[in-house]
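Step one of this worksheet: look at the structure below.
The values are calculated or read from the model by the stated rules, or taken from the named source; none is laboratory data. Note that the coordinates shown come from a computational prediction; the quantities given were computed from them, not determined experimentally. As a convention, Cβ positions derive from the backbone with ideal geometry for all residues, glycine included, and neighbour counts pool all protein chains shown. Protein only, heavy atoms only, side chains kept; ligands, DNA and RNA dropped before computing areas. Shrake-Rupley method; radii C 1.70, N 1.55, O 1.52, S 1.80 Å.
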Amino acid sequence: MKIVRSIAELQLEGKVGLVPTMGALHAGHVSLFDAARAENDVVVASLFVNAAQFDQRADLSRYPRDEARDREIAERAGVDVLFAPSAKEMYPAGFATWVEPDATGGEGDARPGHFRGVATVCLKLFNIVRPARAYFGQKDAQQAIVVRRMARDLNLNVAIRVLPTVRDGDGLALSSRNAQLSAEERERALGLPRALAKAAGSADPVSAARAELNGLHPDYVELLDLGGATLLAAAVRVGSTRLIDNVLVKGALP
């Protein structure tokens, strides 16, 4: 696996599959690497903690970072190139151009400016890497919606793939933030996937999920449309850790 830290170094040939990540890799990321490996000549994983998509400085400072571990996981999963630029490489002095998506509801309302940072860094990565396909997980469904719309609206020649959420044996969606949970907090956090799963088949899944959260106070509980698939999505705080999750209510992932 080649590690590239500058845009000028990145020389790629053939069909490229890109998996954008902020590190703290886990089995969910590996499922994206596997899908990219199956469909492309070259697999590129980006490793960049994008400060522009954090709405709270404390959340950014707490975000887990372990590049040595991430390198080992990516190489073992068959990633060909790990693109790990610095903040100055991605946002050089004088940077002043941002993508402003129309992203309301859910994360868009709960985290002002979040999708501005997501859309901008993804557009930059698409222009730098020039992938045929880019891979995202269903757990971040609204992010995938925003990026897919951007690709359509700005005529980007990249297909956006969305893969099912990978979960631990107890049902908790894999997330880089799970490492921040204490044992007691993790047990409480299980109320989120359980509430969503139980509510998914009800006549009013939003109300049903709220009723099942059992003391977890949500930032939101909403229905999202992802290319014809309807998802029941929610965000909760467990201690100081914010978790998001969603389940399929109708249709299938495109």
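Of all residue pairs spaced 6 or more apart or on separate chains, those with beta-carbon atoms under 8 Å, a first member in segment 148-159 that is at pLDDT 95 or above and a second member that is of a type in the set (Lys, Arg) are 158/133; 159/133.
Each residue in segment 162-215 was checked for being free of Cβ contacts under 8 Å to residues at least 60 places away in the same chain, within 23 Å of residue 226 (Cβ to Cβ), touching a strand residue (DSSP E or B) at 6+ places or on another chain (Cβ under 7 Å) and charged (D, E, K, R), and 2 pass.
Among the candidates 229, 195, 173, single out the residue that is of a type in the set (A, V, I, L, M, F, W, C), at pLDDT below 95 and open to solvent by less than 20 Å² (accessible area, probe 1.4 Å). Of 229, 195, 173, the one residue that is of a type in the set (A, V, I, L, M, F, W, C), at pLDDT below 95 and open to solvent by less than 20 Å² (accessible area, probe 1.4 Å) is 229.
Here residue 103 qualifies as in contact (Cβ under 8 Å) with a residue 40 or more places away in the chain, surrounded by 21 or more Cβ atoms within 10 Å (Cβ to Cβ), touching a helix residue (DSSP H, G or I) at 6+ places or on another chain (Cβ under 7 Å) and more than 23 Å from residue 67 (Cα to Cα).
Yes/no matrix, rows are residues, columns are (1) over 19 Å from residue 29 (Cα atoms); (2) within 20 Å of the chain's Cα centre (by Cα); (3) small (Gly, Ala, Ser):
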position: 141; (1), (2), (3): no, yes, yes
position: 177; (1), (2), (3): no, yes, no
position: 196; (1), (2), (3): yes, yes, no
position: 200; (1), (2), (3): yes, no, yes
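Against the conditions (1) within 23 Å of residue 103 (Cα to Cα); (2) open to solvent by 60 Å² or more (accessible area, probe 1.4 Å); (3) not in a loop (DSSP other than H, G, I, E, B), residue 145 satisfies every one except (2).
One line per residue, one yes/no per condition, for (1) surrounded by fewer than 18 Cβ atoms within 10 Å (Cβ to Cβ); (2) under 18 Å from the mean Cα position of the chain (by Cα); (3) over 23 Å from residue 156 (Cβ atoms); (4) without any contact (Cβ under 8 Å) to a residue 60 or more places away in the chain:
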residue	(1), (2), (3), (4)
50	no, yes, no, no
56	yes, yes, yes, yes
69	yes, no, yes, yes
77	no, no, yes, yes
114	no, yes, no, no
127	yes, no, no, yes
131	no, yes, no, no
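Being more than 28 Å from residue 23 (Cβ to Cβ), surrounded by 16 or more Cβ atoms within 10 Å (Cβ to Cβ) and of a type outside the set (Phe, Trp, Tyr) is a description that applies to residue 205.
Looking only at segment 204-251, how many residues end up being among the charged types (D, E, K, R), farther than 21 Å from residue 58 by Cα and within 21 Å of the chain's Cα centre (by Cα)? Before the answer, list the steps.
Within segment 204-251, the subset among the charged types (D, E, K, R) is 204, 210, 212, 219, 222, 225, 237, 242, 245, 250.
Now narrow it down to the ones that are farther than 21 Å from residue 58 by Cα: 204, 210, 212, 222, 225, 245, 250.
Checking which are within 21 Å of the chain's Cα centre (by Cα) leaves us with 222, 225, 245.
Residues meeting the conditions: 3.
Do we find that residue 97 is crowded, with 21+ Cβ neighbours inside 10 Å and modelled with pLDDT of 95 or more in this structure?
On the way: crowded, with 21+ Cβ neighbours inside 10 Å: no; modelled with pLDDT of 95 or more: yes.
Criteria not met by residue 97.
When you look at residue 25, is it part of a loop (DSSP other than H, G, I, E, B) and either farther than 16 Å from residue 134 by Cβ or touching a helix residue (DSSP H, G or I) at 6+ places or on another chain (Cβ under 6 Å) (or both), yes or no? Spell out the reasoning first.
On the way: part of a loop (DSSP other than H, G, I, E, B): yes; either farther than 16 Å from residue 134 by Cβ or touching a helix residue (DSSP H, G or I) at 6+ places or on another chain (Cβ under 6 Å) (or both): yes.
Criteria met by residue 25.
Of the listed requirements (1) in contact with a strand residue (DSSP E or B) (Cβ under 7 Å, 6 or more places away or on another chain); (2) open to solvent by 50 Å² or more (accessible area, probe 1.4 Å), residue 246 misses just one: (2). When the residues of segment 13-33 are filtered to those that are farther than 30 Å from residue 61 by Cα and surrounded by fewer than 17 Cβ atoms within 10 Å (Cβ to Cβ), which remaining residue is nearest to the chain's Cα centre (by Cα)? Among residues in segment 13-33 that are farther than 30 Å from residue 61 by Cα and surrounded by fewer than 17 Cβ atoms within 10 Å (Cβ to Cβ), the one nearest to the chain's Cα centre (by Cα) is 15.
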